[in-house]
Amino acid sequence: MFSFFKKKIADQPAPETAGSTTTAESAASTEAPPQQMPAERPRASWLARLGTGLRRTGQSISTVFTGTQIDDELYEELETALLMADAGVQATEYLLKDLKQRVKDTATTEPFAVKALLAASIAQLLKPLEMPLAIGAHKPTIIMVAGVNGAGKTTSIGKLTRHLSDSGASVLLAAADTFRAAAREQLAVWATRNTVEIVSQEGGDPASVSFDAVTAGRARGKDVVLVDTAGRLPTQLHLMEELKKIKRVVQKAEPTGPHEVLLVIDGNTGQNALAQVKAFDETLGLTGLIVTKLDGTAKGGVLAAIALWGQGRAAEGGSVVPVYFIGVGEAVEDLETFNAQEFADALLG
């Protein structure tokens, strides 16, 4: 069982046994055969896949520590490696300054030992991003999910639905992505796979779908309502305004919601991911992130930049935007809770 709940759910109703599609005007159930839940993979297996995904970055950084002495050349090479890993200028400067202090404090003289100190520095920087997703304080817990096209938003919702269901939560999906062709059908496939209900409308207004879903989720006693919004770029101002409208309408249906506003970002997009986080946060006020596709060409260093940005956000009276989940593949098991030390170790190979 995936343990990512901050608050356990009590008096849980029996799991759903059939998927259904609901519109604003009618409700019709579609029978789906019981799904065979996949066997849980050990955390060690997950870490191996994460390490494989970040291998390219790990190798490029590890070569820095193969020299014979700790000198300016080592730090210059490390600076280049961190920048190439998409850590960004500010996070790279932060890590180098912290690392030099650690080397001094520990009187380290061997280059190979600096690698462990760097892992500790990265883990400490990323630690505030390590936070569990809170489910159970509200019923239903309303989770609004945003992201640009291609980031893996709808797929991540499907994976999250499975993990929530496996953990005993009843889930209702809202197909509010009416902008992208076939998005509603894609979400419906995930609903069938996970044997959960879905609220959708043929050509409906996204805000209307969201309102209906929240209302239905409360009426049916669901634990979680997951709202899939249209993928869009931060520069598409009319679509970003639509996100604001969806959030306002959700608040009309449930004044305390949405309880979580998540952004799905592609781990391959480097510093552009940080720009997306800033833009969507300004529009919606983000509460958490899901980082996908940390395999193949992903570099992963952008999480350091996001963590440093979060420090500034907190210093201004806000809070850090945590990374609830990271993904390394397409399988439903390839979405796991974020652990700062594990990620730092994988990033350095």
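Across the stretch 158-189, the number of residues qualifying as at pLDDT 90 or above, among the polar types (S, T, N, Q) and over 18 Å from the mean Cα position of the chain (by Cα) comes to 1. Is it the case, given these coordinates, that Arg162 is charged (D, E, K, R) and either surrounded by 18 or more Cβ atoms within 10 Å (Cβ to Cβ) or part of a strand (DSSP E or B) (or both)? Here the answer is yes, as Arg162 does meet what is asked. If you go through the stretch 327-349 and keep only what is in contact with a helix residue (DSSP H, G or I) (Cβ under 6 Å, 6 or more places away or on another chain), closer than 30 Å to Ala113 by Cβ and part of a loop (DSSP other than H, G, I, E, B), you end up with Val328, Leu348, Gly349.
If you check Val302, Val249, Val323, Val328 for being closer than 30 Å to Gly204 by Cβ and of a type in the set (A, V, I, L, M), only one passes: Val249. Summed over the stretch 269-292, residues that are in a loop (DSSP other than H, G, I, E, B), crowded, with 19+ Cβ neighbours inside 10 Å and either at pLDDT 90 or above or touching a strand residue (DSSP E or B) at 6+ places or on another chain (Cβ under 9 Å) (or both) total 2. Considering (1) touching a Lys or Arg at 6+ places or on another chain (Cβ under 7 Å); (2) surrounded by 24 or more Cβ atoms within 10 Å (Cβ to Cβ); (3) not charged (D, E, K, R), say which one Ala207 fails and leave the rest. Ala207 satisfies all of (1) touching a Lys or Arg at 6+ places or on another chain (Cβ under 7 Å); (2) surrounded by 24 or more Cβ atoms within 10 Å (Cβ to Cβ); (3) not charged (D, E, K, R) except (2).
Restricting Ala87, Ala81 to those that are crowded, with 18+ Cβ neighbours inside 10 Å and not in a loop (DSSP other than H, G, I, E, B) reduces the list to Ala81. Can you go through Val145, Val196, Val171, Val224 and tell me which one is surrounded by 19 or more Cβ atoms within 10 Å (Cβ to Cβ), farther than 29 Å from Ser319 by Cα and in contact with a helix residue (DSSP H, G or I) (Cβ under 7 Å, 6 or more places away or on another chain)? Going through Val145, Val196, Val171, Val224 in turn, just one is surrounded by 19 or more Cβ atoms within 10 Å (Cβ to Cβ), farther than 29 Å from Ser319 by Cα and in contact with a helix residue (DSSP H, G or I) (Cβ under 7 Å, 6 or more places away or on another chain): Val196.
Of Ala134, Ala27, all but one fail to be surrounded by fewer than 17 Cβ atoms within 10 Å (Cβ to Cβ), at pLDDT below 90, within 30 Å of Ala175 (Cα to Cα) and among the aliphatic types (A, V, I, L, M); the exception is Ala27. Return yes when Asp212 is acidic (Asp, Glu), outside any helix (DSSP H, G or I) and touching a strand residue (DSSP E or B) at 6+ places or on another chain (Cβ under 8 Å) and no when it is not. Taking the combined requirement at face value, the residue does not satisfy it. Among the criteria (1) closer than 22 Å to Ala134 by Cβ; (2) surrounded by 18 or more Cβ atoms within 10 Å (Cβ to Cβ); (3) in contact with a Lys or Arg (Cβ under 8 Å, 6 or more places away or on another chain), the one Asp295 does not fulfil is (1).
So is Ala191 assigned to a helix (DSSP H, G or I) and on the phi < 0 side of the Ramachandran plot or not? Spelling it out, Ala191 is indeed assigned to a helix (DSSP H, G or I) and on the phi < 0 side of the Ramachandran plot.
The values are calculated or read from the model by the stated rules, or taken from the named source; none is laboratory data. None of the values given here were measured: they were computed from a predicted structure. Here Cβ is always computed from backbone atoms with ideal geometry, including for glycine, and neighbour counts include all displayed protein chains.
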